[in-house]
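Engineer: Here it is, the structure, as structure tokens.
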Amino acid sequence: MEQQRFVVLSASMGAGHDAVAAELARRLRSAGHVVLVRDVLTLLPPGAGPALRSFYRASVRHVPQLYAGIYSTFLSPAPGPRPGSQPLAALAERRLLDVVRRCRADAVVSTFHLAAQITGRLRERGLLEIPCAVVVIDFAVHRGWLHPGNDLNLCVTESAAEAARRGTGRPAQAPGPVVAPEFGEAAQAPPAHWRTILDRRSPGRPAVLLSAGAWGVGTALKSTALTLAHHGCLPVLLCGRDERLRHRAAGLPGVLALGWVGDMPGLMAAARVLVDNAAGQTAVQALAAELPVVGYRPLPGHGAEGVREMAAAGLSAYADGPGELLSTVDRLVPPGPERNRRVMLGKSAFRTDAAEAITGLLG
């Protein structure tokens, strides 16, 4: 295929959308194409993007039931007419058209649901004449991802793709998660330095990663870490960029609290289990790294929906309460049939290349 030009729309809402956008851009560039990655929040009027991000972060961190209510009202796939994000999407239309025109784009790819609404609205009205694809990174496909104006939805599971087809009447495929190749490579040849660090910290104790996303968000994270430590594990609390959480957790006995980790593939290769609360990018990175995932105490809204859908797809276990968490960890830590089954199911999630499906839109 001749060189094409793509605009990939991400969103600085945590780190997952940016990670997917970066990996898609890498794949498209390696195939000889030109890619511009833009944060969709920068297409909103000045100040609106940071305000939206700050409100979302504050609600999920401090008032999670508020976010659950917002999700139920605006995004939940439950039937019935409800308000959506159309007014917000309308504010970014002109700026997106300017970006597309300036870079002479041949297609637009969205990795965030607001971006999907913007491109879908423009495409439906004939104002955007180039194909638009949506990479749906959530296991639970909420209303915000779905717009009939977009040409193709690319989903993490076939169940999610079917939900996208029902919701839009447009084509949807299930190539699987979009994850950088370093995670699979580390699983095949684990680097020694993380194993050395973990063994030095707590010899003989299996490392269990406890994910809190880029913002260090979760319910009773320190309590869960102590429960795992008392059970004989080395809980590694991933605090993201929340330095306050890292400092507070640093004094917990038997717990290793880490800030932002640059070498996540290596750390995952040295660990035995990931305890996850969002079914986001960290969870699918773990699948690529052959690290079993346990959903536990999920975040409200799309986090809870996603954790349930990921478990229903057989790609993770779900633990309802501390006792179930510990018994699940006990089954998955040692080598054996249960761990092997989870690893194989995780690897099976990666079916095809989403970047190839995107270029396929252009013939």
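Engineer: Quick check: anything in region 175-194 open to solvent by 70 Å² or more (accessible area, probe 1.4 Å), in contact with a Leu (Cβ under 7 Å, 6 or more places away or on another chain) and farther than 26 Å from residue 252 by Cβ?
Structural biologist: No, every residue in region 175-194 fails to be open to solvent by 70 Å² or more (accessible area, probe 1.4 Å), in contact with a Leu (Cβ under 7 Å, 6 or more places away or on another chain) and farther than 26 Å from residue 252 by Cβ.
Engineer: Residue by residue through region 213-234, note down the ones that are surrounded by fewer than 16 Cβ atoms within 10 Å (Cβ to Cβ) and closer than 27 Å to residue 67 by Cβ.
Structural biologist: 219, 220, 223
Engineer: Using the structure shown, decide if residue 273 is within 18 Å of residue 23 (Cβ to Cβ) and not small (Gly, Ala, Ser).
Structural biologist: Working: within 18 Å of residue 23 (Cβ to Cβ): no; not small (Gly, Ala, Ser): yes.
Spelling it out, it is not the case that residue 273 is within 18 Å of residue 23 (Cβ to Cβ) and not small (Gly, Ala, Ser).
Engineer: Taking the condition of being open to solvent by 60 Å² or more (accessible area, probe 1.4 Å) and either assigned to a loop (DSSP other than H, G, I, E, B) or modelled with pLDDT of 95 or more (or both), how many residues in region 195-212 meet it?
Structural biologist: Total satisfying the criteria: 3.
Engineer: Take region 339-356 and flag every residue that is open to solvent by less than 20 Å² (accessible area, probe 1.4 Å) and farther than 16 Å from residue 273 by Cβ.
Structural biologist: 349, 354, 355
Engineer: Answer yes or no as to whether residue 182 is of a type in the set (Asp, Glu) and touching a helix residue (DSSP H, G or I) at 6+ places or on another chain (Cβ under 6 Å). Break it down stepwise before answering.
Structural biologist: On the way: of a type in the set (Asp, Glu): yes; touching a helix residue (DSSP H, G or I) at 6+ places or on another chain (Cβ under 6 Å): yes.
Answer is yes for this residue.
Engineer: Right, next: Give the residues of region 23-38 that are touching a residue at least 12 places away in the same chain (Cβ under 8 Å) and either within 21 Å of residue 216 (Cβ to Cβ) or more than 17 Å from the chain's Cα centre (by Cα) (or both), sorted by residue number.
Structural biologist: Listed by number, the residues that qualify are 26, 27, 28, 31, 32, 33, 34, 35, 36, 37, 38.
Engineer: Given the criteria of a type in the set (Phe, Trp, Tyr), touching a His at 6+ places or on another chain (Cβ under 7 Å) and assigned to a helix (DSSP H, G or I), does residue 56 qualify?
Structural biologist: Numbers: of a type in the set (Phe, Trp, Tyr): yes; touching a His at 6+ places or on another chain (Cβ under 7 Å): no; assigned to a helix (DSSP H, G or I): yes.
Taking the combined requirement at face value, the residue does not satisfy it.
The values are calculated or read from the model by the stated rules, or taken from the named source; none is laboratory data. These numbers come from a predicted model, not from an experiment. Cβ sites come from the backbone with ideal geometry, for glycine too, and all protein chains shown count toward neighbours. Quick note on the areas: whole protein, heavy atoms, side chains included, nothing else; ligands and nucleic acids left out. Shrake-Rupley method; radii C 1.70, N 1.55, O 1.52, S 1.80 Å.
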